[in-house]
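Shown next, in structure tokens, is the structure this report addresses.
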Amino acid sequence: MILRLALKSLQSRRTSVLLTVLSIMVSVSLLISVEHIRTQAKESFNRTISDVDIIVGARTGQINLLLYSVFRIGNPSNNISWESYEAITAANNVAWAVPLSLGDSHQGYRVVGTTAEYFTRYKYANKQALKFAKGEIFASPLEAVLGSEVAEKLGYTLGDNLVISHGIGHTSFHHHEDSPFTVAGILEPTGTPVDQTVHVSLAGIEAMHMSEDEQKTIQAQLQQGLMPELEISSVSAVLVGLDAKFQSLFVLRQINQYEGEPLTAILPGMALAEVWQIVGNVENILRVISILILISSLLGMATMLLTSIRERQRELAILRIVGASPVTIFLLIQLEALSISIISSFAALFLVFISLLIGASWLGQNYGLFIETNVFTTDSAIFIAIVLVATALIACIPAISAYKKALQQGVQSR
Amino acid sequence: MTSDKETLKDHLTPAIAFKELRFCYPNQEHDIISIDQWEVARGEQVFLSGHSGSGKSTLLNLICGALSPNSGEINLLDKRFSSLPSRERDKFRAKHIGVVFQQFNLIEYLSVAENVELAAYFGNTYVGDTYFGNNDTNADGANNFKSRLLQMCEAVKLPRTILNQSAGKLSVGQQQRVAIIRALINEPEIMIVDEPTSALDSNARDGFINLLMSLAGEIRSTLLFVSHDEGLAQHFSKHVSIEQINNVKVKVEPMQ
């Protein structure tokens, strides 16, 4: 009965209640999305690469190297020579080394040149290896393995032709209709940037940069069952696995002091942590801001209720006449406040859910962040609980004011 | 007027009894109420007159339990009302006292039926939270309530269709009649009516007072009718002026 009274009373003050609901909804959405994206991004971030002990690239910053080699963000400023790659492979303690050649794209998706070993060595999340949904590893320079999203979004299946252009971006002047690569394999989804990558062999990258005539020669050779000899001069980055993890620092120093050319070697875990520190600070600021916004909108609600109580003196007097105790009136105001917050919180949850549905793939494509769209988690429940507790606390201001009014003015409704 | 059901005790204990009653507002120096002894017998219909500022409103608040006396006692029915804890007083008021005011008796955003239901809810005479009739568990309570409501609508000559209208849309006369229904729904032993006719024209006023007296009479409710307008005293067999019972003669400005 009291609840119905509270709801009816809110209904009778529709406009101001609606505005309050909107303001709380926006602030709760902000809080939930900041928290959700923060935890999800961190998770997505940390699961991107695993079981790789060292990443090597040309002399550059460690964050930059991590971003272009793992997240496909930005471009290598310099390549490293094939000799350096061979030197790394041959170094003591190095168990395996997978080269990556970066810098090309296919319809906005990055193209990575690598070796067959990549598909067994690259691990993500909890040391999970890549799996093929269809087909197999590329066998010739003109074959490609697609990440799940590339295949899905561009509608490719096994045996399809794709034109790979030089440079990054959707449009390119080098569209050669008659020099197609064919799809040899499609990977299972991983929730990492691998999903958005076109993988070809290192030779494939070289072939891509050849003239039309040269490519035709390669095609002809392949048709005759010959493996064309393509010289690979450089790679962009090398993923390195060691015999034992404890050798990491030693090998790291060795590579950094390599005399052949200036190289940078990083530990992926440390680089991830460093990137996260930068991002994490921003997220903390966002979090503080969203908490402040929440408090201010709850105070706005308290103000709204407080003002309404001044207008509702008669109503309170009537409630007293029919036998409502001051405690009942206190509860009535609290119920009104909580109803507003509950409605706002759930509206906010749906708002965030829908925004994430819309925004998740964009975040993935542009920032390599893979966000779970399900916001109906225990974390969100805890947040809403906190919001409700805060509401109850702040609503004490108008509720106590109503309680006092009820005590003082008696049952006289003048 | 009497029936077998009334006990001897009911006859003996007055409906309202004041003894050595003193009241002073916390921010004022002098008592505003000082009544040595006053009683209203059960079933009596009393006209209490008094100028504004004579302590009428204060007295009503004391009887309703919204204010507590500084000393002395108020006995209602056979309860020592003034020494009950405030929660108990609120409950007692809900169940045993029906109140009609000058104006603004109803919550405007609720329907007429809901306004009455609210009184029934606090008075505990309405069992179900089911006026809208879509819950079977308390269908009996709801039906019972609804039939009482319809009966009373007829008694105060309001059309049934008014029940689902929001109270704010009624005319003042209609609102006052709904206020009577609201005050009577719990069949209270005591009715307190404070200037209920000042917003009505003279024809409506006489009709209203007669209606009120006959309905209160039907349930043998004690009626305390308070007004500054001594012309209304003609309707009542007993007329008391507050100056007669209140020892405080000092003219005090009314609160608020």
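The values are calculated or read from the model by the stated rules, or taken from the named source; none is laboratory data. Note that the coordinates shown come from a computational prediction; the quantities given were computed from them, not determined experimentally. Cβ sites come from the backbone with ideal geometry, for glycine too, and all protein chains shown count toward neighbours.
Quick notes on this one:
- Note on the stretch B:107-120: residues that are under 14 Å from B:Leu184 (Cα atoms) and within 8 Å of another protein chain (Cβ to nearest Cβ) total 3.
Matching residues to (1) farther than 22 Å from A:Leu202 by Cβ; (2) in contact with a Gly (Cβ under 9 Å, 6 or more places away or on another chain); (3) not assigned by TED's automatic domain parsing to the domain that holds A:Met208:
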site	(1), (2), (3)
A:Arg121	no, yes, no
A:Lys134	yes, yes, no
A:Leu142	no, yes, no
A:Val145	no, yes, no
A:Leu154	yes, no, no
A:Gly159	yes, yes, no
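- Any hit, the stretch B:206-216, residues being in a helix (DSSP H, G or I), on the phi < 0 side of the Ramachandran plot, of a type in the set (D, E, K, R) and buried (at least 20 other Cβ atoms within 10 Å of the Cβ): no
- Residues of the stretch A:298-333 that turn out to be within 12 Å of another protein chain (Cβ to nearest Cβ), out of contact with any strand residue (DSSP E or B) (no Cβ under 6 Å at 6 or more places or on another chain), in a helix (DSSP H, G or I) and among the aliphatic types (A, V, I, L, M), as a count: 7
- Flag if B:Glu88 is part of a loop (DSSP other than H, G, I, E, B) and among the acidic types (Asp, Glu): no
- Odd one out for A:Asn78 among (1) surrounded by 21 or more Cβ atoms within 10 Å (Cβ to Cβ); (2) part of a loop (DSSP other than H, G, I, E, B): (1)
- Out of A:Ile333, A:Ile293, A:Ile358, one residue alone is closer than 30 Å to B:Val112 by Cβ and assigned by TED's automatic domain parsing to the domain that holds A:Ala41. It is A:Ile333.
- Residue selected from the stretch A:221-257 under the condition in a loop (DSSP other than H, G, I, E, B) and without any contact (Cβ under 8 Å) to a residue 60 or more places away in the chain, by the criterion farthest from A:Tyr85 (Cα to Cα): A:Gln224
- Check on A:Gln277, modelled with pLDDT under 90 and under 30 Å from B:Ile185 (Cα atoms): no
- Hits in the stretch A:73-119 (condition: aliphatic (A, V, I, L, M), under 17 Å from A:Ser201 (Cβ atoms) and out of contact with any Ser or Thr (no Cβ under 7 Å at 6 or more places or on another chain)): A:Ala116
- Residues that are more than 25 Å from B:Asn124 (Cα to Cα), surrounded by 14 or more Cβ atoms within 10 Å (Cβ to Cβ), polar (S, T, N, Q) and within 10 Å of chain B (Cβ to nearest Cβ) within the stretch A:1-30 comprise just one, A:Ser12.
- In the stretch B:33-49, the residues that are under 18 Å from B:Asn247 (Cα atoms) and in contact with an Asp or Glu (Cβ under 7 Å, 6 or more places away or on another chain): B:Asp36, B:Ser49
- The set of residues in the stretch A:363-381 being part of a helix (DSSP H, G or I) and either under 18 Å from A:Ala347 (Cβ atoms) or modelled with pLDDT under 85 (or both) consists of A:Leu363, A:Gly364, A:Gln365, A:Asn366, A:Tyr367, A:Asp379, A:Ser380, A:Ala381.
- The selection criterion, being closer than 30 Å to A:Leu332 by Cα, touching a residue at least 24 places away in the same chain (Cβ under 8 Å) and either within 14 Å of the chain's Cα centre (by Cα) or within 9 Å of another protein chain (Cβ to nearest Cβ) (or both), does not hold for B:Phe47.
- Selection count where residues are more than 21 Å from B:Lys79 (Cα to Cα) and either in a strand (DSSP E or B) or not β-branched (Val, Ile, Thr) (or both), scope the stretch B:19-32: 8
- Per the conditions (1) surrounded by 15 or more Cβ atoms within 10 Å (Cβ to Cβ); (2) at pLDDT 90 or above, the sole criterion not satisfied by B:Lys169 is (1).
- Within the option set B:Lys91, B:Lys95, being surrounded by fewer than 21 Cβ atoms within 10 Å (Cβ to Cβ), facing another protein chain (nearest Cβ under 9 Å) and under 22 Å from B:Met213 (Cα atoms) holds for one residue only, B:Lys95.
- Some residue of the stretch A:334-353 being within 14 Å of chain B (Cβ to nearest Cβ) and either assigned to a helix (DSSP H, G or I) or surrounded by fewer than 20 Cβ atoms within 10 Å (Cβ to Cβ) (or both): yes
- Odd one out for A:Gly260 among (1) in contact with a Lys or Arg (Cβ under 6 Å, 6 or more places away or on another chain); (2) touching a residue at least 60 places away in the same chain (Cβ under 8 Å); (3) in the same structural domain as A:Val145 (by TED's automatic domain parsing): (1)
- Scan of the stretch A:290-302 for residues that are surrounded by 14 or more Cβ atoms within 10 Å (Cβ to Cβ) and more than 21 Å from the chain's Cα centre (by Cα), ordered by number: A:Ile291, A:Ile293, A:Leu294, A:Ser297, A:Leu298, A:Gly300, A:Met301, A:Ala302
- Residue tally, condition of a type in the set (Val, Ile, Thr) and assigned to a loop (DSSP other than H, G, I, E, B), over the stretch A:127-162: 2
- Test: residue in the stretch B:174-189 that is without any contact (Cβ under 8 Å) to a residue 12 or more places away in the chain, part of a helix (DSSP H, G or I) and surrounded by fewer than 21 Cβ atoms within 10 Å (Cβ to Cβ): no
- Hits in the stretch B:208-237 (condition: among the aromatic types (Phe, Trp, Tyr) and over 17 Å from B:Gln102 (Cβ atoms)): B:Phe236
- Selection count where residues are touching a Phe, Trp or Tyr at 6+ places or on another chain (Cβ under 7 Å) and surrounded by fewer than 17 Cβ atoms within 10 Å (Cβ to Cβ), scope the stretch B:225-237: 0
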